[in-house]
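Shown next, in structure tokens, is the structure this report addresses.
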Amino acid sequence: MRSKPQPKLTPRLVRQGSSLWRLGALALCGCVAQAQAAETLEAATEAAIEDAATLDWVPLDQLTEEQRALVEGVCCGLYIAPTFPEAAALEPGAVLFRGTSSDTAIGAADTGIVDVDEGFEVMQQDIVIQAGNGSYDRNSQVFTLGGNIRLRQDGMLLTGSRASVDQRQGRSEISGASYLLHDIAARGSAQILVYTDADGVITIDNGVYTRCEPGDNSW
């Protein structure tokens, strides 16, 4: 969760072994890139609790006139990320941390670990992390998250069932993951997803990549 702006990268798909793919910086055309067939994904991938694409998809009839002007070709809607005024108002590097703990107040124990039992939420100017529960180790600077995880940065949404976010290394690993890249309308899911801040690369293991609309896996 570093405060520096993240690079805007257009994904590429590079195969590494039988099931590992990387998304980096090369334009893709159309709705034709998939890491594996959808039927293989169903057997191999632990489904994300929430689908990233469905969360931010707005059908054509619910768009404003200005938003409709951004819809390309025969698309039936647009991916629109929600705004977080609290995060936008934070100073660079500042952190807003909240949730419900079994203790009277959220605080760090002698071990330096902060536990949140419900409603885990962390905001910085350029990132928002939400989860059902989680913990933060102040010494290692690692978040461990569980339950309805949403990790948002500009132009990107990642969801999953379990996650580890390493601030020091700038590395996030999510299990039972789904992802959405708003700017190029790309989405997919994976058994394991790794995102690195430094190069803006997403690595997916046992997953799919497509530019079809939600519910359409024909390409």
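The values are calculated or read from the model by the stated rules, or taken from the named source; none is laboratory data. Since the model is a prediction, treat every value here as computed from it, not as a measurement. All Cβ positions, glycine included, derive from the backbone under ideal geometry; neighbour counts span all protein chains shown.
Take the residues of region 70-81 that are at pLDDT 90 or above and in a loop (DSSP other than H, G, I, E, B): which is farthest from Ile127 (Cα to Cα)? Here the residue is Ile80. Scan region 82-105 residue by residue and report those that are assigned to a loop (DSSP other than H, G, I, E, B) and closer than 26 Å to Asp117 by Cβ. Answer for region 82-105, where residues must be assigned to a loop (DSSP other than H, G, I, E, B) and closer than 26 Å to Asp117 by Cβ: Pro82, Phe84, Leu90, Ala94, Val95, Ser101, Ser102, Asp103, Thr104, Ala105. Among the residues of region 114-141, those that are of a type in the set (A, V, I, L, M, F, W, C) and more than 17 Å from the chain's Cα centre (by Cα) comprise Val114, Val116. Of the residues that make up region 147-159, is at least one among the small types (Gly, Ala, Ser), modelled with pLDDT of 90 or more and part of a strand (DSSP E or B)? So far as region 147-159 goes, no, none of its residues is among the small types (Gly, Ala, Ser), modelled with pLDDT of 90 or more and part of a strand (DSSP E or B).
Exactly one residue out of Tyr209, Tyr136 is at pLDDT below 85 and outside any loop (DSSP other than H, G, I, E, B): that is Tyr209.
Looking at region 149-187, which of its residues are surrounded by fewer than 24 Cβ atoms within 10 Å (Cβ to Cβ), in contact (Cβ under 8 Å) with a residue 40 or more places away in the chain and farther than 30 Å from Gln67 by Cα? Across region 149-187, the qualifying residues are Ser161, Gln167, Gly170, Ser175, Gly176.
Identify all residues within region 178-206 that are of a type in the set (A, V, I, L, M), assigned to a strand (DSSP E or B) and in contact with a Lys or Arg (Cβ under 9 Å, 6 or more places away or on another chain); write none if there are none. The answer is Leu180, Leu181, Ala186, Val194, Val201, Ile202, Ile204.
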